[in-house]
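The values are calculated or read from the model by the stated rules, or taken from the named source; none is laboratory data. The model shown is predicted, which means the values in this text are computed figures rather than measured ones. All Cβ positions, even for glycine, are placed from backbone atoms using ideal geometry, and neighbour counts span all protein chains on display.
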Amino acid sequence: MSRPGASKSSVEHEPLRPTAAAAKAREPMNVLIVGVGGQGVIMVSKALASLAQSQGFEVKQSEVHGMAKRGGTVFSHVRFGPQVWSPTIPKGEADILVALEWAEGLRWLPYLKPDTGIFICDTKRIVPPFACLNRRPGAPLRYSRETPAEVKAHVAEGYAIDATRMAEDLGNERVANVVLIGALSTALDFPAEDWERALTEFVPKKTIAVNLEAFRLGRSWITEARTSVPVVEEAAARAAAPAEAPYTPRLEITPEWCKSCDICVKLCPERCLRLNQERVVELAQPEKCTGCRLCELLCPDFAIRVHLDPVAQAQVEAKA
Ligand code: SF4
Ligand code: SF4
């Protein structure tokens, strides 16, 4: 099944292996989940840990999160098997690496088993403010330039998924992590119904339907990627967008979510935001905005999104 915007860029098309069965027989299964704050890394790891436990495995989970707030690195190790002694996965020992952000995925590649490891990565790029080399619009960024095709040389099996775009098409960007759970589910031989049952324990009740849809979309994406001819489409282009590509930052503000806390106004390095008469934030001086994303990362209410990607921006504007 292909949805608008759900472009495919699988860097390998061999079938995924039923690795949970292997874990039952021998060594613990090691799944490393990484991303940045606010993406739902911990939810993915908790759902997996809960599912593995319900299937009779001993499970150990460790995580680092919270200190960095939104935008900082978050990672979680999940290990399960007949017996698990340590909660952390040594370098080169992860059977599966699930990354919710492109550069984070590349950063953790040394943890993947070189010969058999499976890499599942959202092509979403979250460029941290400190990656801006100067504060002019269109300035070069210090951000990974590797393309999915280049990553292929470094992994036994890999999938670059435009999960965020797929989630946006479903009407809820926050379910991108569940699209990746759907992809992950095809690498472990737990029944799909059990995955869905585990998922519903960890998502808000009112979002169960969209989360299940996202999960099934991730599963079907992998199935399709395994059988289709590799294509380097928009997802790859998005991941590989030249770091110095010119862009015009565009702020998407959701007024109903803005609580007038003033954080973004005070911390915007260019002082280009203000609260309007209704005490809702607005971009007062767009020409000064560098697209540093600080406002998006710091807003506790997710009221601001900064669009930098020219392709994504064009699409959003075409829909409007
Ligand atoms: S940080 Fe978020 S909630 Fe606070 S003023 Fe800015 S947009 Fe509104
Ligand atoms: S408005 Fe946001 S993205 Fe633009 S310069 Fe200010 S903090 Fe950075």
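Points to keep in mind about this one:
- Of the residues ARG279, ARG293, ARG250, ARG226, the single one that is surrounded by fewer than 17 Cβ atoms within 10 Å (Cβ to Cβ), out of contact with any Lys or Arg (no Cβ under 8 Å at 6 or more places or on another chain) and at pLDDT below 85 is ARG226.
- The set of residues in the range 259-295 being within 21 Å of ILE126 (Cα to Cα) and in contact (Cβ under 8 Å) with a residue 40 or more places away in the chain consists of CYS264, PRO269, GLU270, CYS289, THR290, GLY291, CYS292, ARG293, LEU294, CYS295.
- Within the range 279-296, considering residues that are among the acidic types (Asp, Glu) and within 13 Å of ligand 1 (Cβ to nearest atom), the one nearest to SER260 (Cα to Cα): GLU282
- Count - residues of the range 249-265 that are at negative phi, over 22 Å from the mean Cα position of the chain (by Cα) and away from ligand 2 (no atom under 13 Å from the Cβ): 6
- Selection count where residues are modelled with pLDDT of 90 or more and either among the basic types (Lys, Arg) or farther than 16 Å from ILE181 by Cβ (or both), scope the range 60-80: 3
- Residue list for the range 172-194, restricted to those being modelled with pLDDT of 90 or more, not in a helix (DSSP H, G or I) and not β-branched (Val, Ile, Thr): ALA187, LEU188, PHE190, PRO191
- For the range 1-57, the tally of residues that are assigned to a loop (DSSP other than H, G, I, E, B) and at pLDDT 55 or above stands at 10.
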